[in-house]
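Read the structure below first, then the notes.
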Amino acid sequence: MNDRRYFRILSGAALVILLLFAAILLTLVVDSLPTMQAYGLSFLTGRQWNPVTQEFGALPFLVGTLLTSFVALLLSLPLSLSVGIVMGEYLRSPFLSKAMSVFINLLASIPSVVYGLWGMTTVVPLVQKLEIAAGFPPYGVGILSAALVLAIMIIPYMASLTSEVMKRVPDSIKDGALALGATRQEMVTGISLPYIRSGIAAGVLLSLGRALGETMAVTMLIGNATRMPNSIFSLGNTLASVVASQFNEAESDLHRSAMMALALILFLVSFLTNLIGRKIVGKSEAANV
Amino acid sequence: MSEESSGLLRRRRRKNSLFTVLLAIPVIIVVFILGHMLGKIFINGVKALNLDFFTKAQKPFGEPGGGIANAIIGSVIVVLLATVISLPIAVLVALYLAENPEKRIAKTLLVVVNALQGLPSIIIGIVIYSWMVVPMKSFSALAGGVALSFIMIPLLTTTIREIFVLVPGSYREAALSLGVPRWRTTVGVILPAALPGILNSTGLGIARIAGETAPLLFTAFGSPYISTALGKPISTLPLIIYEYIKSPYDDWHQKAWGAALLLVCFVLLITVPMNLRKDRSKG
């Protein structure tokens, strides 16, 4: 063993990771080629997904993914921002703030399939009652149920990021506001929140990335319908959930390839949201140092 | 004038109190939801627990009795496999990142590791299906382990890199100033100093992948038999939860809750103490 070999081994391991990443992307592209050849860009706008007639269009799942994720984000934001502000600014006692952070970590460490299990037995009956009251067909499962559980699942990411950036607001400007007679609320809404807005934007993007790719809980709750959703009470499917629910049953190569193409879209979308989110985090970190 | 300003002050104070209440309500809602979830898992799960649950394999459709021993054994095998694959690779990559922080390729590597970490796990599942299940013509525990290792490697790499960065630079400099080669410095100084942290993040990594379902659907696939063969399909706790709750049988639903209780207990027994320790070392 010498240093040259040591660095060669380290570089080898690094290369393995880079190659693996490239190979994942390559596999997705190669395996979705038959779909691209058959449909071209009209794959993205096709409204029909029918394995029996061999017709594959991704639009219902693109809409389903965006609808579920954005509704989840919208429902989640008030909750996670409040929890983040409370953790970052209001919990002064070390015991309480530790208890809260352990608690938020707990929420993050519960497996997706368990969220799905809880959602099927708790959220679905509630949504069913709501649907009966609102005059929609009472499926229970559907976009709304999936979005509700998804909203809970993304709380820990957004909340812990908010509290982290909240703690990085310099004491000098907060003390300055308090010294001028600002109330705590005026300090938070007037000083801290504007100061951390890029951190919040990054948190939104990172949780969106989570929501777009979340699979198990959504598959168990969304109803797995391949037609176009027309309201939040509709049954639907996301890119991830259609792959999870149909891949093992796929009988034709084109069906399988079409799902590889869905996975490729998911790969690109989640890669971009993550990249932009981390860029913003990195920038705000650099600005605050 | 003074009356008017004291009215303004009162309004501002009232607004401040209202803001505090508005912040507290969501916190209470979130606490309630988590409490409800844990309570429900416990109450429903406990009913399923008995000796057979832990020692017998699952019974065929509709036959009462049996247990989930096949899934417990499967989870242990697949998770151990993933850990054995991931840990050495993650340590080496983290060392690379820590030793060459300024290289451009290291920065690219960090972006790639972060991207892998953010990748939806279902994608890993179908890619490993393409790489291993298709050529081997069979779902397998091995494919499941490899799929989970793709989730674990980026996770461990980022956390272990942070641990290496936290090892005081003076340790490394002291060793190097004595003429110790770089690799001896790593083996003799850096790794021992980082070992507790590495074990900690490995524990958190295990807790994370133990609950993964999506990457196993098309790789480990599931199997009703007690099996330790790496080349054959195998069931795990998350897979059996998913399979059982989709079924129409009450008995199977109850077993799904039992499996969920087991899984959640395992995950929380690892993560809660480790998160407590992490906070202590920070503060």
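The values are calculated or read from the model by the stated rules, or taken from the named source; none is laboratory data. Bear in mind the structure is a predicted one, so any value in this text is a computation, not a measurement. A quick note on method: Cβ atoms are made from the backbone with ideal geometry, for glycine too, and the neighbour counts reach across all protein chains shown.
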Original post:
Which one is farthest from the chain's Cα centre (by Cα), of the residues in the stretch B:19-32 that are more than 8 Å from chain A (Cβ to nearest Cβ) and closer than 14 Å to A:VAL86 by Cα?
Top reply: B:VAL21
Subject >> All positions within the stretch B:101-135 that are facing another protein chain (nearest Cβ under 9 Å), of a type outside the set (Gly, Ala, Ser) and more than 15 Å from A:GLY277 (Cα to Cα) >> reply: B:ILE105, B:THR108, B:LEU109, B:PRO120, B:ILE122, B:ILE123, B:ILE124, B:ILE126, B:VAL127, B:TYR129, B:TRP131
**OP:** Report, by residue number, each residue of the stretch A:94-140 that is of a type in the set (Val, Ile, Thr), surrounded by 20 or more Cβ atoms within 10 Å (Cβ to Cβ) and within 11 Å of chain B (Cβ to nearest Cβ).
**Re:** A:ILE104, A:ILE110, A:VAL113, A:VAL114, A:VAL123
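Anything in the stretch B:35-54 that is assigned to a helix (DSSP H, G or I) and surrounded by 13 or more Cβ atoms within 10 Å (Cβ to Cβ)? List them, or say none. Show your work before the answer.
Residues of the stretch B:35-54 assigned to a helix (DSSP H, G or I): B:35-46, B:51-54.
Those that are assigned to a helix (DSSP H, G or I) and surrounded by 13 or more Cβ atoms within 10 Å (Cβ to Cβ): B:MET37, B:LEU38, B:LYS40, B:ILE41, B:PHE42, B:ASN44, B:GLY45, B:ASP52, B:PHE53, B:PHE54.
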**OP:** Kindly establish whether A:ALA250 is within 13 Å of chain B (Cβ to nearest Cβ), in contact (Cβ under 8 Å) with a residue 24 or more places away in the chain and either surrounded by fewer than 21 Cβ atoms within 10 Å (Cβ to Cβ) or more than 28 Å from B:ASN114 (Cα to Cα) (or both).
**Re:** yes
Subject >> Selected residue (criterion: farthest from B:TYR225 (Cα to Cα)) from residues of the stretch B:236-262 that are in contact with a Leu (Cβ under 9 Å, 6 or more places away or on another chain) and among the hydroxyl-bearing types (Ser, Thr, Tyr) >> reply: B:TYR242
Subject >> Given (1) within 11 Å of chain B (Cβ to nearest Cβ); (2) within 21 Å of A:ALA244 (Cβ to Cβ), index of the condition A:ALA72 fails >> reply: (1)
**OP:** For A:ILE173, indicate whether it is free of Cβ contacts under 8 Å to residues at least 24 places away in the same chain and either in contact with an Asp or Glu (Cβ under 9 Å, 6 or more places away or on another chain) or on the phi < 0 side of the Ramachandran plot (or both).
**Re:** yes
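When you scan the stretch B:87-100, how many residues do you find that are part of a helix (DSSP H, G or I) and more than 7 Å from every other protein chain (Cβ to nearest Cβ)? Talk me through it step by step, then tell me what you get.
Step one: list which residues in the stretch B:87-100 are part of a helix (DSSP H, G or I), which gives B:87-99.
Checking the rest, the ones that are also more than 7 Å from every other protein chain (Cβ to nearest Cβ) come to B:87-88, B:90-91, B:94, B:97-98.
Final tally of qualifying residues: 7.
Between B:ASN16, B:ASN70, B:ASN100, B:ASN114, which is assigned by TED's automatic domain parsing to the domain that holds B:LYS232, in contact with a Lys or Arg (Cβ under 8 Å, 6 or more places away or on another chain) and crowded, with 16+ Cβ neighbours inside 10 Å? Step through it out loud before you land on a result.
Working: B:ASN16 fails: assigned by TED's automatic domain parsing to the domain that holds B:LYS232; B:ASN70 fails: in contact with a Lys or Arg (Cβ under 8 Å, 6 or more places away or on another chain); B:ASN100 fails: in contact with a Lys or Arg (Cβ under 8 Å, 6 or more places away or on another chain).
Of the residues listed, the single one that is assigned by TED's automatic domain parsing to the domain that holds B:LYS232, in contact with a Lys or Arg (Cβ under 8 Å, 6 or more places away or on another chain) and crowded, with 16+ Cβ neighbours inside 10 Å is B:ASN114.
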**OP:** Assess whether A:GLU164 counts as being farther than 21 Å from B:VAL264 by Cβ and either within 11 Å of chain B (Cβ to nearest Cβ) or among the polar types (S, T, N, Q) (or both).
**Re:** no
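Of all the residues that make up the stretch A:61-99, how many are hydrophobic (A, V, I, L, M, F, W, C) and closer than 20 Å to A:SER192 by Cβ? Don't jump to the end; show me each part of the working.
Going through the stretch A:61-99, the residues hydrophobic (A, V, I, L, M, F, W, C) turn out to be A:61-63, A:66-67, A:70-75, A:77, A:79, A:81, A:83, A:85-87, A:91, A:95-96, A:99.
Going one step further and asking which of them are closer than 20 Å to A:SER192 by Cβ, we end up with A:77, A:79, A:81, A:83, A:85-87, A:91, A:96.
Result for the stretch A:61-99: 9.
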Original post:
Within the stretch B:245-258, can one find any residue that is more than 30 Å from A:LYS167 (Cβ to Cβ), within 10 Å of chain A (Cβ to nearest Cβ) and aliphatic (A, V, I, L, M)?
Top reply: yes
Subject >> Every pair of residues 6+ apart whose Cβ atoms lie under 7 Å, when the first sits in the stretch A:103-121 and is closer than 14 Å to A:ILE154 by Cβ while the second is at pLDDT 95 or above and acidic (Asp, Glu) >> reply: A:SER112/A:GLU214
Original post:
Can B:ARG14 be described as within 11 Å of chain A (Cβ to nearest Cβ) and assigned to a helix (DSSP H, G or I)?
Top reply: yes
Original post:
Is the stretch A:267-279 home to any residue that is crowded, with 24+ Cβ neighbours inside 10 Å, closer than 27 Å to B:GLU212 by Cα and in contact with a Ser or Thr (Cβ under 9 Å, 6 or more places away or on another chain)?
Top reply: no
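Return yes or no: is A:ALA13 under 23 Å from B:GLY125 (Cα atoms), touching a helix residue (DSSP H, G or I) at 6+ places or on another chain (Cβ under 6 Å) and surrounded by 12 or more Cβ atoms within 10 Å (Cβ to Cβ)? Spell out how you get there, then give the answer.
Details: under 23 Å from B:GLY125 (Cα atoms): yes; touching a helix residue (DSSP H, G or I) at 6+ places or on another chain (Cβ under 6 Å): yes; surrounded by 12 or more Cβ atoms within 10 Å (Cβ to Cβ): yes.
Taking the combined requirement at face value, the residue satisfies it.
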Original post:
Quick one: in the stretch B:208-238, which of the residues that are over 13 Å from B:SER140 (Cα atoms) and in contact with a Phe, Trp or Tyr (Cβ under 7 Å, 6 or more places away or on another chain) is nearest to the other protein chains (Cβ to nearest Cβ)?
Top reply: B:THR213
Original post:
If you check A:LEU235, A:LEU208, A:LEU239, which single one turns out to be facing chain B (nearest Cβ under 10 Å) and farther than 15 Å from A:GLY116 by Cα?
Top reply: A:LEU239
**OP:** Scan A:ALA23, A:ALA38 and give me the residue that is part of a helix (DSSP H, G or I), surrounded by fewer than 20 Cβ atoms within 10 Å (Cβ to Cβ), away from chain B (no Cβ under 14 Å) and among the small types (Gly, Ala, Ser).
**Re:** A:ALA38
Original post:
Taking only pairs six or more apart or across chains, which ones have beta-carbon atoms under 9 Å, a first residue in the stretch B:138-161 that is closer than 26 Å to B:PRO224 by Cα and within 13 Å of chain A (Cβ to nearest Cβ), and a second residue that is basic (Lys, Arg) and in a helix (DSSP H, G or I)?
Top reply: B:ILE151/B:ARG208
**OP:** With the checklist (1) closer than 26 Å to B:ALA220 by Cβ; (2) in contact with a Phe, Trp or Tyr (Cβ under 9 Å, 6 or more places away or on another chain) in hand, flag the one item B:VAL46 doesn't pass.
**Re:** (1)
